[in-house]
Amino acid sequence: MSVRANLESVHLRIESACTLVHRDPSEITLIAVSKNHPIDAIREAYDLGQRHFGESKLQEAVPKIEQLPNDVVWHFIGTLQSNKARRIASLFPFVHTLCKESQLFEVEKAESPVEGFIEVNLANEPQKSGLSPDRLDEYLAKLLQSKHVHFRGLMGMGPAEADPGAKRTYFRLLRCLGEKVGALNLSMGMSDDFELAVQEGASHIRVGTAIFGSRQY
Ligand SMILES: *Cc1c(COP(=O)(O)O)cnc(C)c1O
């Protein structure tokens with residue numbers, strides 16, 4: 001399947017999910033996750049009108065950011081190592097993976113502000129990054145003190161092996177946490193589960209495989 005056909009199909013799937021719950025598709029930002037895909041694939045999606053792209057490694061993203069037009073909106077979705085946080089904040093207007101205090105210190109030193117999502121570890125999976133839900137209030141209070149991080153919302157994902165019913169429960173949990181802390185945006189849903197996420201209130205979905213095919217490592 002071509003990027004064109006894939007992108008069209010993802011848009012149709014977003015529209016059907018919206019129809020089910022009476023949402024307007026324009027409320028949803030589709031982030032095309034281009035990690036491990038070449039610049040040509042990104043350019044193809046760009047030429048079809050796609051503007052939001054997600055990358056998870058600084059080193060891989062730098063040449064892509066340099067070579068693509070500057071109206072691309074870059075989202076950082078990988079582990080935000082503190083020693084790279086300052087550089088990442090200068091290159092990516094959106095960061096979806098804030099969960100440590102040290103990251104806030106480093107982003108504070110960047111030249112430009114970032115729109116930040118706090119990553120929540122919804123199922124408390126030990127191998128995954130993200131903040132445990134019960135530490136959210138405390139972390140948000142610190143984030144709100146930082147001048148260079150604008151609080152945008154919460155990001156989360158359920159366990160990869162969860163069935164659709166369980167995934168829905170995790171998305172609902174993120175929505176509830178968001179309502180509790182006044183988060184306006186929810187970054188949730190990937191290739192396998194973005195329709196469920198849209199039904200449960202996602203504002204930003206992060207879709208890689210369904211647009212670009214499987215990743216080459
Ligand atoms: C890779 C990645 C995605 C995209 O995953 P697909 O299953 O390919 O859609 C979304 N979010 C994060 C945080 C990722 O690392």
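The values are calculated or read from the model by the stated rules, or taken from the named source; none is laboratory data. All values reported here derive from a predicted model rather than from experimental measurement. Neighbour counts run over all protein chains shown; Cβ positions are idealised from the backbone, glycine included. Note: areas computed on protein heavy atoms with side chains; ligands, DNA, RNA excluded. Shrake-Rupley method; radii C 1.70, N 1.55, O 1.52, S 1.80 Å.
Overview of values
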item: Residues satisfying the stated conditions in the range 167-217, i.e. among the hydrophobic types (A, V, I, L, M, F, W, C), assigned to a helix (DSSP H, G or I), more than 14 Å from the ligand (Cβ to nearest atom) and without any contact (Cβ under 8 Å) to a residue 40 or more places away in the chain; result: 176
item: Any pair with Cβ under 6 angstrom, 6 or more apart, that starts in the range 1-22 at a residue that is hydroxyl-bearing (Ser, Thr, Tyr) and modelled with pLDDT under 95 and ends at one that is open to solvent by 20 Å² or more (accessible area, probe 1.4 Å) and not in a loop (DSSP other than H, G, I, E, B); result: none
item: Residue list for the range 115-140, filter: surrounded by fewer than 19 Cβ atoms within 10 Å (Cβ to Cβ) and touching a His at 6+ places or on another chain (Cβ under 6 Å); result: 115
item: Scope the range 80-95; condition under 21 Å from residue 68 (Cα atoms) and within 16 Å of the ligand (Cβ to nearest atom); matching residues; result: 88, 92, 94, 95
item: Test for residue 160: is it farther than 23 Å from residue 11 by Cβ, in contact with a Pro (Cβ under 9 Å, 6 or more places away or on another chain), of a type outside the set (Asp, Glu) and without any contact (Cβ under 8 Å) to a residue 24 or more places away in the chain; result: no
item: Verdict on residue 64 being charged (D, E, K, R) and either open to solvent by 50 Å² or more (accessible area, probe 1.4 Å) or at positive phi (or both); result: no
item: Selection count, the range 124-146, where residues are within 11 Å of residue 174 (Cβ to Cβ) and in contact with a helix residue (DSSP H, G or I) (Cβ under 7 Å, 6 or more places away or on another chain); result: 2
item: Conditions (1) in contact (Cβ under 8 Å) with a residue 24 or more places away in the chain; (2) under 18 Å from residue 34 (Cα atoms); (3) open to solvent by less than 50 Å² (accessible area, probe 1.4 Å); number of the one not met by residue 82; result: (2)
item: Among (1) open to solvent by 10 Å² or more (accessible area, probe 1.4 Å); (2) closer than 27 Å to residue 105 by Cα, the one test that residue 195 misses; result: (2)
item: Count of the range 153-169 residues which are over 14 Å from the mean Cα position of the chain (by Cα), of a type outside the set (D, E, K, R) and open to solvent by less than 60 Å² (accessible area, probe 1.4 Å); result: 4
item: Within the range 115-152, considering residues that are assigned to a loop (DSSP other than H, G, I, E, B) and hydroxyl-bearing (Ser, Thr, Tyr), the one farthest from the chain's Cα centre (by Cα); result: 146
item: Residue list for the range 16-57, restricted to those being among the β-branched types (Val, Ile, Thr) and open to solvent by less than 70 Å² (accessible area, probe 1.4 Å); result: 21, 28, 29, 31, 33, 39, 42
item: All positions within the range 94-114 that are part of a loop (DSSP other than H, G, I, E, B) and surrounded by 15 or more Cβ atoms within 10 Å (Cβ to Cβ); result: 99, 100, 110, 113
